[in-house]
Amino acid sequence: MEARVRERGPVPMTDRMFDHGRNYHECALRCLELRGDGQTFLFPPALVLLAFVVEIYLKALLTIEGKAGKDLHGHDHSDLYGRLTADTQATVAARYQQRYHRTLSEDLPGYADLFVKHRYAYELEGVHETEMSGVAQLASSLYEALTELRPNLVRAGLVHDRIIAPNQGVPIVAGPA
């Protein structure tokens with residue numbers, strides 16, 4: 001293993017962050033799968049995972065922009081998004097608009113603290129509904145922005161295809177075996 005690391009060199013931070021986010025993205029998709037009789041969709045974990053994915057992808061974009069340290073702390077999506085350059089914000093917003101037909105600047109405040117609030121959803125009082133499709137579309141928009149900036153990050157296959165599919169945040173029902 002050490003010889004391979006010496007040969008290839010260290011994996012760049014952006015690549016590690018992207019892979020980390022992609023793994024959680026895949027887990028979120030699996031929570032939305034219905035794999036057989038007696039199975040249920042795992043909506044609350046999917047929402048928390050998607051919120052975490054958004055955070056990781058935002059931090060990966062900040063890393064690509066050369067921002068580190070203080071810029072990579074926190075869970076607030078609005079704050080992290082606000083630290084991105086205007087060009088990167090425009091790219092993400094355009095992807096979101098294209099995918100979800102809504103305006104990110106209007107929707108982002110509703111997603112800003114999802115990870116913090118919903119990871120302990122049992123503590124929430126009253127109604128606390130969230131449009132999972134919007135969060136999922138934001139995660140996919142960020143994924144696309146990252147892979148547009150760094151095409152070498154794409155790993156073709158089922159997970160990539162599901163992440164870039166038009167419908168996000170909706171149950172996935174497996175076809176016939």
What does the extension gain come out to for Leu158 and Asn23, with contour length at 0.36 nm per residue minus their alpha carbon separation?
47.3 nm
May I ask for the equivalent-ellipsoid semi-axes of region 16-104, computed as the square root of five times each C-alpha gyration tensor eigenvalue and listed largest first in whole Å?
27, 16, 10
Ile172 long-range amide H proximity, modeled H, under 5 Å:
Glu33, Leu34
At 0.36 nm per residue, and after removing the present C-alpha to C-alpha distance, how many nm does the segment from Met13 to Asp113 gain when stretched out fully?
33.5 nm
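FYI, it's all coordinate maths here, none of it is from the lab. Please read all numbers here as calculations on a predicted model, not as lab measurements.
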